[in-house]
Amino acid sequence: MLSEKAQHILQVLLLNQGSFLTVKTLSSMLGMSERTVNTYLKEVAGFCEKEGVTYVSRRGTGIRLELTRKTEMLLTGFIGQKTLSYDDQERQNYICRVLLEGWENYTAALFAGELYVSRQTVGADLARAESWLSGYNIRITKSPRSGMSLTGTEAARRSALAALFRRERPSRSTVEAGYDYRLSGQTVLYLFQEDKRDLVRDICRGLQLFEAKTHQVFVDYSFVMMVEYLLVQRKRMEKGILISREELETIWEEDGPLHTLAESLEFAGRIRYPAGERMYMGLLLCGAEFQWEEFWHSQNQEVIRQAAGLCHYIVSYLSGATGLSFYGDRLLAEGLESFLCKSMIRTRYGFAVCNPFLDEVKTSYGVIFNTCFGMGSHIRSVIGRIPSEHEIGFLALMIGGALIRIEKKVNAVLVGAGSLLLAEVTARKIEKRVDGLRILAVLSRENLETAWSPSWDLVITSIPELSWGQFSVYVTPIVSDQDVMHLQKACSQIYTRRLGLTEPVSLGKYIRPGYILLDMEAEAKEKLIRTGCRVLEEAGCITPDYYQEILNREAISSTEIGNGVAIPHGIENHVLIPALCMIRLKKKINWGNGPVDMIFLLALNFNDGETTRRFFKLFYEKVGNEQTVGLIRAAKTREEVLELLD
């Protein structure tokens with residue numbers, strides 16, 4: 001039987017199997033002297049020899065274990081690895097929490113000792129932690145004497161701490177009654193840890209009192225947001241860490257709603273909030289949404305002006321991207337402006353909300369969801385940050401509702417080659433398969449000219465040699481997928497002409513045969529993205545930095561849009577020539593939200609709004625159509641794919 005100290009040494013060697021650890025490293029990680037480590041290493045070596053475990057010791061290099069699956073399972077069962085095992089996410093969370101809480105004199109060696117991993121592993125963890133913290137404009141600084149510390153505002157630290165709360169694994173499995181109905185469900189279990197329950201109760205009572213006094217009711221996800229950030233505020237105040245009034249923009253007067261909120265929270269929590277903390281409450285209140293409200297707008301004229309400009313840009317962008325006119329949709333404009341006023345505050349200060357409809361939006365409006373990310377660069381120029389996927393999800397939901405309200409109709413007549421009865425059957429098939437297409441009449445070839453009417457937009461015919469005007473489409477009586485694709489293309493051209501848009505409906509400008517990779521072996525997402533980027537980089541379409549930009553975009557939200565299709569793309573301006581690379585896989589792989597076997601890697605210059613809108617309009621018609629995607633999936637050659645995309 002191994003002694004306790006020998007077991008600890010064996011645990012660390014097991015957690016770092018394959019890597020050499022020196023006696024000095026083990027000493028630092030375990031808090032033992034080097035002499036003690038050397039003493040117990042002899043016991044560990046004897047145990048390994050007895051159990052058939054390969055124990056390697058090299059002078060000047062260190063000690064490591066070389067394990068088979070059998071010996072690894074043996075050691076794991078013997079020493080109970082779980083007591084000292086932390087996964088990558090747990091280590092990163094711990095490092096971020098230590099630094100955000102402001103604990104002093106922390107070094108990589110100290111983190112290694114507390115987490116039972118090597119300094120090399122801690123170095124990788126620190127890199128990931130620094131990348132995550134940079135999203136809140138927080139940087140890690142290192143000093144040989146004082147260790148690590150953070151630079152960033154107190155408001156930014158609070159936003160990061162709130163995000164860490166959500167990433168914690170709760171120790172409780174149920175939510176206690178008596179707080180608020182809006183806190184029910186698995187998504188807020190982290191609020192009910194032992195050290196938070198009393199504070200959560202006080203904050204809920206204060207918010208409920210505010211609602212009663214103002215006759216306003218927080219929307220569910222806004223109520224949760226208020227509780228989260230007010231909880232972080234209280235915990236920081238308990239440690240004597242206050243936010244300065246100078247750090248915050250004064251966007252709410254201290255009287256009125258803000259005074260009522262502060263007064264309600266002070267009464268419920270038996271506490272007094274300083275002026276700076278009251279201003280912080282005001283920011284939260286500006287980012288919250290209510291079931292009905294009138295008092296907000298008088299306080300935020302500058303934000304309202306920015307939201308109106310952003311709303312106009314979004315409507316213009318989406319009208320160009322989809323080929324539909326959203327300009328006359330008053331409901332969309334009013335909803336967007338109201339939402340953007342709050343969303344801009346939340347995004348600017350890192351106040352996160354949880355969109356309860358996010359998964360459904362990604363499933364139902366996948367293309368729209370990703371099209372909204374195409375506006376990310378412009379939105380960031382206004383707000384200062386790119387919105388989270390939850391905020392983008394709300395945008396996509398409103399736009400999806402607007403799509404339903406738009407009546408997109410193309411009127412057509414059908415000229416049949418056979419009997420009128422057969423033509424009637426063909427007409428009903430077409431109307432069933434092509435949305436927005438209405439067949440006004442079924443005609444014979446003889447009476448087409450005499451019956452012509454300017455109310456027709458399109459002539460559909462099953463007579464191969466018949467051509468009539470600018471828009472006529474040949475179809476077979478069975479109405480194949482290829483026929484449906486041609487009809488949809490014609491409808492799009494007609495509707496584009498109505499809107500006064502003159503760009504040609506063709507993706508051929510952006511893709512070449514060399515940009516099409518068919519039936520590749522399934523690999524990891526990152527490798528496939530790297531492959532597509534290499535194709536476009538060698539063609540001079542993108543810079544080497546674009547690969548990382550795509551990974552950054554994927555980290556925000558998966559670009560899988562349904563129907564086995566993903567559209568990875570970046571946001572920054574690392575595109576030299578707009579282009580598209582298509583990769584078709586032999587087998588589907590998981591892309592984050594669902595399985596994918598067709599990847600369209602988009603290289604667009606998102607700072608060039610006209611190019612982006614034109615591209616998305618064309619692209620939306622293709623990948624948003626199940627029949628077209630099916631035909632691309634079945635294509636035998638690159639040329640067939642090009643024909644389908646053109």
*Looking for whichever is open to solvent by less than 20 Å² (accessible area, probe 1.4 Å) and of a type outside the set (Val, Ile, Thr) here; the options are Leu231, Leu209. Which one fits?*
Leu231
*Does the stretch 146-162 hold any residues that are over 20 Å from Arg348 (Cα atoms) and acidic (Asp, Glu), and which are they?*
none
*What number of residues within the stretch 460-505 satisfy the criterion of being modelled with pLDDT under 80, among the hydroxyl-bearing types (Ser, Thr, Tyr) and open to solvent by less than 60 Å² (accessible area, probe 1.4 Å)?*
3
*Taking the condition at pLDDT 85 or above, in contact with a strand residue (DSSP E or B) (Cβ under 8 Å, 6 or more places away or on another chain) and hydroxyl-bearing (Ser, Thr, Tyr), does Ser264 pass?*
no
*Among the residues of the stretch 10-33 satisfying the criterion of being closer than 17 Å to Arg58 by Cβ and either part of a helix (DSSP H, G or I) or in contact with a Phe, Trp or Tyr (Cβ under 6 Å, 6 or more places away or on another chain) (or both), which is most open to solvent (accessible area, probe 1.4 Å)?*
Lys24
*Determine whether the stretch 361-378 contains at least one residue that is buried (at least 18 other Cβ atoms within 10 Å of the Cβ), outside any loop (DSSP other than H, G, I, E, B) and modelled with pLDDT of 85 or more.*
no
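Return yes or no: is Ile577 surrounded by fewer than 16 Cβ atoms within 10 Å (Cβ to Cβ) and aliphatic (A, V, I, L, M)?
Working: surrounded by fewer than 16 Cβ atoms within 10 Å (Cβ to Cβ): yes; aliphatic (A, V, I, L, M): yes.
Criteria met by Ile577.
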*Are any of the residues in the stretch 304-321 surrounded by fewer than 18 Cβ atoms within 10 Å (Cβ to Cβ) and polar (S, T, N, Q)?*
yes
*Filter the stretch 43-55 down to residues that are touching a helix residue (DSSP H, G or I) at 6+ places or on another chain (Cβ under 9 Å) and either among the aromatic types (Phe, Trp, Tyr) or part of a helix (DSSP H, G or I) (or both) and give me whichever is nearest to Ile9 (Cα to Cα).*
Val44
*Considering the stretch 111-157 alone, what residues qualify as being modelled with pLDDT under 80 and either open to solvent by 30 Å² or more (accessible area, probe 1.4 Å) or over 29 Å from Ile9 (Cα atoms) (or both)?*
Glu114, Tyr116, Pro144, Arg145, Ser146
*Candidate set: the stretch 100-110, residues that are part of a helix (DSSP H, G or I) and in contact with a strand residue (DSSP E or B) (Cβ under 9 Å, 6 or more places away or on another chain); chosen: the one modelled with the lowest pLDDT*: Leu110
*Could you count how many residues in the stretch 322-352 are open to solvent by 10 Å² or more (accessible area, probe 1.4 Å), modelled with pLDDT under 85 and under 28 Å from Phe619 (Cβ atoms)?*
7
*Out of all the residues in the stretch 98-110, is one or more in contact with a helix residue (DSSP H, G or I) (Cβ under 9 Å, 6 or more places away or on another chain), open to solvent by less than 20 Å² (accessible area, probe 1.4 Å), over 23 Å from Ser149 (Cβ atoms) and not small (Gly, Ala, Ser)?*
no
*Filtered residue count, the stretch 55-76, keeping only those that are of a type in the set (Gly, Ala, Ser) and farther than 11 Å from Ser19 by Cα*: 2
*Could you tell me which residue of the stretch 584-635 is surrounded by the most Cβ atoms within 10 Å (Cβ to Cβ), considering only residues that are polar (S, T, N, Q) and at pLDDT below 85?*
Thr612
*Are any residues in the stretch 379-435 more than 17 Å from Ser462 (Cα to Cα), in contact with a strand residue (DSSP E or B) (Cβ under 8 Å, 6 or more places away or on another chain) and in a loop (DSSP other than H, G, I, E, B), and if so, which ones?*
Lys409
*asked:* Tally up the residues in the stretch 518-535 that are in a strand (DSSP E or B) and either polar (S, T, N, Q) or open to solvent by 70 Å² or more (accessible area, probe 1.4 Å) (or both), please.
replied: 1
*asked:* I need a count of the residues in the stretch 42-62 that are crowded, with 20+ Cβ neighbours inside 10 Å and either basic (Lys, Arg) or closer than 23 Å to Leu115 by Cα (or both).
replied: 1
*Under 9 Å between Cβ atoms, at least 6 apart or on separate chains: pull out the pairs that start in the stretch 325-353 with a residue that is assigned to a loop (DSSP other than H, G, I, E, B) and end on any residue that is among the acidic types (Asp, Glu).*
Phe351/Glu228; Ala352/Glu228; Ala352/Glu391; Val353/Glu289; Val353/Glu391
_For the list (1) under 19 Å from the mean Cα position of the chain (by Cα); (2) basic (Lys, Arg); (3) over 23 Å from Ala288 (Cβ atoms), I need the number of the one condition that Arg346 fails._
(3)
_Quick check on the stretch 545-553. Is at least one of its residues modelled with pLDDT under 85, part of a helix (DSSP H, G or I), open to solvent by less than 50 Å² (accessible area, probe 1.4 Å) and within 23 Å of Ile392 (Cα to Cα)?_
yes
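Test Glu294 against the criterion of being modelled with pLDDT under 90 and assigned to a helix (DSSP H, G or I), and give yes or no.
On the way: modelled with pLDDT under 90: yes; assigned to a helix (DSSP H, G or I): no.
Answer is no for this residue.
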*Just checking, how many residues over the stretch 503-517 are free of Cβ contacts under 8 Å to residues at least 12 places away in the same chain and either outside any loop (DSSP other than H, G, I, E, B) or closer than 22 Å to Asn590 by Cα (or both)?*
0
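The values are calculated or read from the model by the stated rules, or taken from the named source; none is laboratory data. It should be emphasised that the depicted structure is a prediction, and the values quoted were computed from it without experimental measurement. Cβ atoms come from the backbone with ideal geometry, glycine included; neighbour counts cover every protein chain shown. Heads up: the accessible areas ignore ligands, DNA and RNA and are worked out on the full protein's heavy atoms, side chains in. Shrake-Rupley method; radii C 1.70, N 1.55, O 1.52, S 1.80 Å.
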